[in-house]
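One structure is given below, encoded as structure tokens.
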Amino acid sequence: MNPKRKNRLILVLLILVGVGSTVTLGLKALDKNLLYFFSPTQVQAGEAPLDHSFRLGGLVADGSVKREADGLTMHFDITDGAETIAVTYVGLLPDLFREGQGVVTTGKMVGITKDGKMHFTAQEVLAKHDENYMPPEVQEALDKAHNDGKKKMAENVQAAKIVSGETEQTQ
């Protein structure tokens, strides 16, 4: 191989290594800043990261909002109809925050509460902004939990019919 060709090959290899390193570092930096969305059902199934911030969304469970004496610390539950996660937030909540409304929180899992619920500490709470809006991720998670519940109910009804001796032919 002549020296001119050898120098070009080295230059091309150095450029490829440089571009590869830049892409790798960029992807690693992006990974630390990405916030994935999870529903309470997905969190209970272990799909959410334990050591990384993520978004948790659903409905604020009725009767779950409790304020501590300091006036800033709030405890509430987020549910998707199938599972419930306990949330603690320190700060001012949005004006539209209330029970039964859709919320998306950003934070980390911190363990399990005394009553056995998974515990999430939120750094940010976003509430829906009007009565017709639901964050798409929350609506999708609620619809999926609802459909899963309907499937389970249909399976249970079918199993009960089989156990009781009823079949579709006898109807």
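Number of residues in the range 90-118 that are closer than 14 Å to residue 61 by Cβ and either modelled with pLDDT of 90 or more or out of contact with any helix residue (DSSP H, G or I) (no Cβ under 7 Å at 6 or more places or on another chain) (or both): the value is 10.
Can you confirm whether residue 84 is polar (S, T, N, Q), modelled with pLDDT of 85 or more and farther than 30 Å from residue 150 by Cβ? The answer is no for residue 84. The set of residues in the range 119-140 that are touching a helix residue (DSSP H, G or I) at 6+ places or on another chain (Cβ under 9 Å) and either part of a strand (DSSP E or B) or modelled with pLDDT of 80 or more (or both) contains only 120. In the range 1-57, which residues are basic (Lys, Arg) and within 26 Å of residue 112 (Cα to Cα)? If the condition is that a residue be basic (Lys, Arg) and within 26 Å of residue 112 (Cα to Cα), then 32, 55 are the ones that fit. Within the range 99-108, the residues that satisfy the criterion of being more than 11 Å from the chain's Cα centre (by Cα) and surrounded by 14 or more Cβ atoms within 10 Å (Cβ to Cβ) are 101, 102, 103. In the range 85-97, of all residues being in contact with a Ser or Thr (Cβ under 8 Å, 6 or more places away or on another chain) and touching a residue at least 24 places away in the same chain (Cβ under 8 Å), the one that is surrounded by the fewest Cβ atoms within 10 Å (Cβ to Cβ) corresponds to 88. Quick check on the range 68-75. Is at least one of its residues in contact (Cβ under 8 Å) with a residue 24 or more places away in the chain and within 20 Å of the chain's Cα centre (by Cα)? Checked against the condition, which is being in contact (Cβ under 8 Å) with a residue 24 or more places away in the chain and within 20 Å of the chain's Cα centre (by Cα), the range 68-75 yields no hits at all.
Within the bounds of the range 45-54, is there any residue that is outside the structural domain of residue 120 (by TED's automatic domain parsing), over 18 Å from residue 136 (Cβ atoms), at pLDDT below 90 and within 22 Å of the chain's Cα centre (by Cα)? If you could, list the steps in order and put the result at the bottom.
So the first thing to find is which residues in the range 45-54 are outside the structural domain of residue 120 (by TED's automatic domain parsing), and the list is none.
Within the range 45-54 (the criterion being outside the structural domain of residue 120 (by TED's automatic domain parsing), over 18 Å from residue 136 (Cβ atoms), at pLDDT below 90 and within 22 Å of the chain's Cα centre (by Cα)), the answer is no, since none of the residues qualifies.
When residue 51 is tested against (1) of a type outside the set (Phe, Trp, Tyr); (2) touching a residue at least 12 places away in the same chain (Cβ under 8 Å); (3) in contact with a Ser or Thr (Cβ under 9 Å, 6 or more places away or on another chain), just one condition goes unmet, and that condition is (3).
The values are calculated or read from the model by the stated rules, or taken from the named source; none is laboratory data. Just so we're clear, the structure is a prediction, and the values are computed from it rather than from any experiment. Cβ: placed from backbone, ideal geometry, glycine included. Neighbour counts: every protein chain shown.
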